[in-house]
Amino acid sequence: MKTNLTVQTKIYYAESHLYELFSQAEDYPELVLEILKKYTKDKIILDAGCGDGKYIALLESQVKRYYALDLSFKQLEMATKKIKDHVKVELINADLVNIPLEDNSIEVIICNWVLETIDLESKREKILQEFKRVLKPDGFILLTESTTGGEFEVLRGRGIDKSRTINYNQWVLKNGFRALEEINTYFLYKSLEEAKETITSFHGKELANKITSNKITHNVIVYILEND
């Protein structure tokens with residue numbers, strides 16, 4: 001089952017509450033967050049594909065200005081509840097191929113587990129062009145993506161055939177990113193039942209039945225691209 005959050009993924013739209021459970025469980029030890037904190041402090045940032053607003057709640061206090069963009073109204077409704085400073089944070093309902101921000105207006109773009117969900121390579125390339133358009137000349141993009149290994153790869157059907165994950169990560173490197181840090185993190189759900197429910201919504205019951213614990217290991221890479 002392919003997951004394309006920009007089209008009609010059920011969990012991202014109609015069952016957005018399940019996506020919030022998934023999002024909050026992801027990177028439970030906050031290892032990705034520590035990197036994002038280091039690179040976003042006192043910056044004007046764009047959270048590209050902000051989802052339920054997890055990183056708004058975690059980063060808004062330390063940034064200069066926070067633009068959070070997502071295609072799903074349902075996700076933005078949840079994100080609204082996480083905002084503390086409504087002057088500093090602006091929510092934007094739009095597609096990443098057409099970002100309604102001015103040229104050279106953003107210092108840092110964070111994009112967590114978003115581009116790989118887009119099947120069309122041509123669309124990903126259009127999004128990268130939009131990222132570069134809104135970035136200041138000395139700005140940069142932080143891209144967080146899954147890599148091979150870890151239980152999560154098995155649960156999304158890539159335990160044996162790793163080609164899709166490998167090919168995507170090669171595409172990232174070909175487009176000027178470099179690997180900043182590889183991280184072995186994990187999802188942690190409140191219960192085994194909660195873990196199975198969210199994975200079923202994403203990847204189906206057959207794969208969810210492979211889950212034996214509320215803790216699911218997840219290998220990720222944080223990439224960086226500096227705008228020249």
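The values are calculated or read from the model by the stated rules, or taken from the named source; none is laboratory data. If you're wondering where the values come from, they're calculated on a predicted model, not measured in any experiment. Ideal geometry is used to build each Cβ from the backbone, glycine not excepted, and the neighbour counts take in all protein chains shown.
Looking at the stretch 146-157, can you tell me whether even one residue there is at pLDDT 95 or above, of a type in the set (Gly, Ala, Ser) and under 17 Å from the mean Cα position of the chain (by Cα)?
Scanning the stretch 146-157, I find at least one residue that is at pLDDT 95 or above, of a type in the set (Gly, Ala, Ser) and under 17 Å from the mean Cα position of the chain (by Cα), so the answer is yes.
Filter the stretch 73-98 for residues that are within 23 Å of LYS132 (Cα to Cα) and either β-branched (Val, Ile, Thr) or loosely packed, with under 12 Cβ neighbours inside 10 Å (or both) and give the result.
Hits for the stretch 73-98 are VAL89, ILE92, VAL97, ASN98.
Condition first: of a type in the set (A, V, I, L, M) and over 19 Å from LEU115 (Cβ atoms). Now tell me which residues in the stretch 148-169 satisfy that.
Result: VAL154, LEU155, ILE160.
Where residues in the stretch 173-195 are out of contact with any strand residue (DSSP E or B) (no Cβ under 7 Å at 6 or more places or on another chain) and surrounded by fewer than 19 Cβ atoms within 10 Å (Cβ to Cβ), which of them is nearest to THR144 (Cα to Cα)?
LEU173
Return the total of residues in the stretch 2-27 being modelled with pLDDT of 95 or more and touching a His at 6+ places or on another chain (Cβ under 9 Å).
Residues that pass the stated criteria total 2.
Name the single residue, out of those in the stretch 47-67 being under 12 Å from the mean Cα position of the chain (by Cα) and in a strand (DSSP E or B), that is surrounded by the fewest Cβ atoms within 10 Å (Cβ to Cβ).
Among them, the one singled out is ALA48.
Scanning for something over 20 Å from LEU18 (Cβ atoms), within 21 Å of the chain's Cα centre (by Cα) and crowded, with 16+ Cβ neighbours inside 10 Å, does the stretch 208-217 turn up at least one residue?
Within the stretch 208-217 (the criterion being over 20 Å from LEU18 (Cβ atoms), within 21 Å of the chain's Cα centre (by Cα) and crowded, with 16+ Cβ neighbours inside 10 Å), the answer is no, since none of the residues qualifies.
Out of (1) in contact (Cβ under 8 Å) with a residue 24 or more places away in the chain; (2) under 22 Å from ILE110 (Cβ atoms), the odd one out for LYS174 is which?
So LYS174 meets the others, but not (1).
Please find, within the stretch 190-210, the residue that is nearest to LEU135 (Cα to Cα) out of those that are assigned to a loop (DSSP other than H, G, I, E, B) and without any contact (Cβ under 8 Å) to a residue 60 or more places away in the chain.
That would be LYS190.
Of LYS82, LYS74, which residue is in a loop (DSSP other than H, G, I, E, B) and either among the basic types (Lys, Arg) or touching a His at 6+ places or on another chain (Cβ under 9 Å) (or both)?
Matching residue, one of LYS82, LYS74: LYS82.
Which condition number does ASP161 fail, the rest of (1) free of Cβ contacts under 8 Å to residues at least 24 places away in the same chain; (2) crowded, with 20+ Cβ neighbours inside 10 Å; (3) among the charged types (D, E, K, R) being met?
Unmet for ASP161, out of (1) free of Cβ contacts under 8 Å to residues at least 24 places away in the same chain; (2) crowded, with 20+ Cβ neighbours inside 10 Å; (3) among the charged types (D, E, K, R): (2).
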